[in-house]
1. For a quick check of your reading of the filter: which trypsin sites (Lys or Arg not before Pro) in region A:25-63 sit in a DSSP loop and have no more than 15 other Cβ atoms within 10 Å?
2. Going out from 0 in 10 Å bins, what whole percent of all Cα-Cα distances in region A:61-109 drops into each bin?
3. Between B:Ala312 and A:His113, with labels modelled 7 Å along Cα→Cβ, what's the label distance in nm to one decimal, could you check?
4. At 7 Å along Cα-to-Cβ for each site, give me the label-to-label distance between B:Gln26 and B:Lys82 in nm.
5. How long is the gain from A:Ser34 to A:Glu52 if the chain were fully straight, where each residue apart is worth 0.36 nm and the alpha carbon distance is subtracted?
6. Of the listed pairs B:Lys123/B:Lys291; B:Lys51/B:Lys236; B:Lys125/B:Lys175; B:Lys125/B:Lys291; B:Lys175/B:Lys199; B:Lys90/B:Lys125, which have alpha-carbon separations greater than 20 Å here?
7. Taking the radius of gyration and the Kirkwood hydrodynamic radius from Cα positions alone, what is the Rg/Rh ratio for region B:133-277, to two decimal places?
8. Among B:Ala151, B:Ala104, B:Ala196, which one shows the highest mean-square fluctuation when chain B is modelled as a Gaussian network with alpha-carbon springs under 10 Å?
Amino acid sequence: MSKKPVAAATDTMTDTATVQDADVWPLWEVFVRSSRGLSHLHAGSLNAPDAEMAVRNARDLYTRRNEGVSIWVVPSSAITASDPDEKDAFFESPRGKEYRHASYYTESEGVKHL
Amino acid sequence: MAHQASDTRASAMGTSVTTESDSAGQARFDELIAADQRIEPADWMPDAYRKTLIRQISQHAHSEIIGMQPEGNWITRAPSLKRKAILMAKVQDEAGHGLYLYSAAQTLGVGRDRMTEDLISGKAKYSSIFNYPTPTWADMGSIGWLVDGAAICNQVPLCRASYGPYGRAMVRICKEESFHQRQGFEILLHLSRGTAEQKAMAQESVNRWYAPALMMFGPPDADSPNSAQSMAWNIKRFSNDDLRQRFVDMIVPQAEVLGLTLPDPAIRWNEERGHYDYGDLDWDEFYEVLKGRGPANAIRLERRRQAHEDGAWVREAAAAYAARQQASVVERIAS
Ligand SMILES: [Fe+2]
Ligand SMILES: [Fe+2]
């Protein structure tokens, strides 16, 4: 069973959906593609008046050292997150489903290229 | 399924009436902390934990923002184009650090505008180190070497802070800080190897910054009542005195490389402890500066307020432009 952390994009949804105090400028989530062939990953958030300014600010804030070749910005309010309180019910238990992983199949051990 | 995260926030922020979900939340929180796992924004967390984090992260952000001023002072007077470019890059990084940290604080429910308000009204605190003036170019060296150096000592363990967004902001910041310290060290090295006047300028500056840099780690452990709780919550990983000792152990040999001395006659290697001993610090001065009676408190705040007010028309214009763009999109969709 894989215990990898959830993808960065999931984490943003909970990162800023909690903002309560109102700000004059809305909040944006910033995703940066570090190089061709890779996904955009959540880098952080920022306040900006509109999408264009958000992209420009994101460039200055998150790519001062060649960290990216492409930027996405998404209004934080547009993100819908899974319910953290429902964690167990929502994310089905992997228990008893080891057969979904290659490591479950041990009889082929020693056989090459398998 | 989808939930409005603000609902969970409301309950977490609510009064301290212990409901069933609170005690379940507390149990889950304790479990995560005991396992040295991270707490994420939508998780239930004790009110005191949230408040401590809001205070610490926003103060940290304010420090980065105010910290631009003592160095920004020297951008127009940097001795060469190269040094000017380096200094601008460093000051820009500090702005970035402030913004990463404001974002981290925002995940706890505090607004950016409110934090700015609290800073310029004098309600919020920031690191007292930035209330010292920077009268000479050598101060750019001392700040990079000692102030950024102390900040790194403090910040590296914060990369493992139990609150996820704080730790992630610190990882990003720490990656950028090492250049800050090195460029400062280089400034001092060049001055120290320069003319007698240049070397004296470097020494005079180090003499002024040494003690305030050591005080950046906060009061001695015995006078730091909140530290124990912060350590229990895995926000803080080492005590103030431990970090200060680590810093002293680092800078003593570095000062030798610089060919400069540290203004503390008590510094001496202690074979038994395996650390350098150092003298007592003047904590009365520290508290004076912290209370706003330092040499540059008023100037720093006044300049920050002025910059905020001068920028008001830009913020308003940008918001008005955004609103008009939005309206014309709605119109186009409607027609
Ligand atoms: Fe910084
Ligand atoms: Fe720095």
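Quick note: the coordinates plus some simple rules give every number you see, no bench work behind them. Given the structure is predicted, the values throughout are model-derived calculations rather than measurements. Quick reminder, even Gly has a Cβ in these numbers, built from the backbone with ideal geometry, and neighbours come from all protein chains shown.
1. Answer in residue order: A:Arg36.
2. For region A:61-109, the pair-distance distribution reads 16, 20, 21, 28, 14, 1.
3. In this crude label model, B:Ala312 to A:His113 measures out at 7.5 nm.
4. 6.1
5. That works out to 4.5 nm of additional length.
6. The answer is B:Lys125/B:Lys175; B:Lys175/B:Lys199; B:Lys90/B:Lys125.
7. 1.01
8. Maximum among the listed residues: B:Ala196.
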